[in-house]
Each structure stands twice: as C-alpha cells, then as structure tokens.
Amino acid sequence: MTAKSVFEAPTGDAPAGHHRYKRNPTPYEKFMNEEGIPIFKGIGVYDVRQLSLGTWKRLGGRGIFLDLTGLQGLKGMYVLEVPAAGALNPERHFYDEFMYVVEGRGSTEVWRENSSKNQTFEWQAGSLFTIPINTQHRLVNAASNPALMLAATNAPLIINIFQSRRAIFENPYEFRERYY
C-alpha cells in the first residue's frame, strides 16, 4: 500500500501546497555556466583585482562573470585577464561590449569578416572603449604583466531573446552604419 500525501493548511508565511517553485535558469545564466569560468554573485565588488579568475578556454585568457543584484537580465559584466605579452582569441558577438582597463596596456585589433583592412587602437589603465557590434576583434597585451579589463555588455538581453550561440557568435551580419 502506498502512502498518501496529506494536505496540511500552511501556517505563517509558509507556502500552500505540496511543491515549492524552483525557477529555471535563463538562457544567459546557462551561457555563463557553459563558459566554464567562476561566477561572482552579489550586490557589488569593492576591487575586481581581488577576485579569483578561472581559465576561459573560448577566449584564451582568464575571467569571472559578475552577476550583480539588480542587473540580472539587463546588463552582463565580467572581468577578463589578457595574458602577459600575449593576446586573446579573436571573437565576434551580436551584442555591445564596453571595456574599462583596470591594469595594463596594449591594443585592440578590429576588422570585418573577409576584409584585409584591420584597425588597431591602443589602451592603458583608465581607458574606456567599446567594441563595434558584430565585428571580429582581439585584445593584445603589450606588457610583461597581465592586463585586467572590466567589461559591461547587453549580452543577457540578446542571449535571452535569440537563445542561439550561432546567432550570437557566428552571425555574418555587418552593422555598416555603426562600423565603417
């Protein structure tokens, strides 16, 4: 004979019923987990230089996502380390990305798919720049110490809408009105 579930009326602030709701992760939360780097969750960070970074295979550097209270689903943030005297893997993505240089100096190479014309600009500690949407780019470290960057993106909105890595990272569309 099987035991029957008996309903008991809730008391105080306890929820009614037999089950508790567990929210499924959003596509962006799944993306963060799939990237294989740590995720810092909290209300803020005092000093990003004190965070423990993990190996970010896709980019060829080290990093950590910042999942800050109040930004979920709206803004994505992460800390990225560019190896000493090295470069990250080239990438492109269908979301905006703003970079703030915490430490180090180097350059960013930007180009369109199938174009022989690369543009390069330099950066140093305190620099703020944006990567043109959906352009190929890579960060190059010119120093013998690692460079540390803080990035802010609108990736959560875009990833939650499209729910496709191919649409985000392999999309051939060129925003000619935003990057010449």
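The values are calculated or read from the model by the stated rules, or taken from the named source; none is laboratory data. This is a predicted model, so every value here is computed, not measured. Using ideal geometry, Cβ is built from the backbone for each residue, glycine included, and neighbour counts are taken over all protein chains shown. Surface accessibility is based on the protein's heavy atoms, side chains included, excluding ligands, DNA and RNA. Shrake-Rupley method; radii C 1.70, N 1.55, O 1.52, S 1.80 Å.
One table, with the values for the structure above:
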quantity	calculated
Subset tally (residues that are open to solvent by 50 Å² or more (accessible area, probe 1.4 Å) and not hydrophobic (A, V, I, L, M, F, W, C)) for the stretch 81-111	5
Residue in the stretch 112-135 that is more than 22 Å from P27 (Cβ to Cβ), among the aliphatic types (A, V, I, L, M), open to solvent by less than 50 Å² (accessible area, probe 1.4 Å) and assigned to a strand (DSSP E or B) present	no
Selection status of E29, within 30 Å of E103 (Cβ to Cβ), surrounded by 15 or more Cβ atoms within 10 Å (Cβ to Cβ) and not small (G, A, S)	yes
Checklist (1) open to solvent by 20 Å² or more (accessible area, probe 1.4 Å); (2) in contact (Cβ under 8 Å) with a residue 40 or more places away in the chain applied to S164, failing item	(2)
First in the stretch 117-130 and under 15 Å from V82 (Cβ atoms), second anywhere and exposed (fewer than 11 other Cβ atoms within 10 Å of the Cβ) and at pLDDT 95 or above, Cβ under 8 Å, 6 or more apart	F129/F121
Failed criterion for V48 (all others in (1) more than 19 Å from V140 (Cα to Cα); (2) in contact with a Ser or Thr (Cβ under 7 Å, 6 or more places away or on another chain); (3) modelled with pLDDT of 95 or more hold)	(2)
One residue from Y179, Y78 being modelled with pLDDT under 95, open to solvent by less than 60 Å² (accessible area, probe 1.4 Å) and either within 15 Å of W56 (Cβ to Cβ) or not in a strand (DSSP E or B) (or both)	Y179
Residues that are of a type outside the set (G, A, S) and either part of a helix (DSSP H, G or I) or loosely packed, with under 12 Cβ neighbours inside 10 Å (or both), drawn from the stretch 32-42	M32, N33, E34, K41
Residue that is most open to solvent (accessible area, probe 1.4 Å) [pool: residues in the stretch 143-161 that are outside any strand (DSSP E or B) and in contact with a helix residue (DSSP H, G or I) (Cβ under 6 Å, 6 or more places away or on another chain)]	N160
Hey, L71 at pLDDT below 95 and either within 13 Å of the chain's Cα centre (by Cα) or within 30 Å of N89 (Cβ to Cβ) (or both) or not	yes
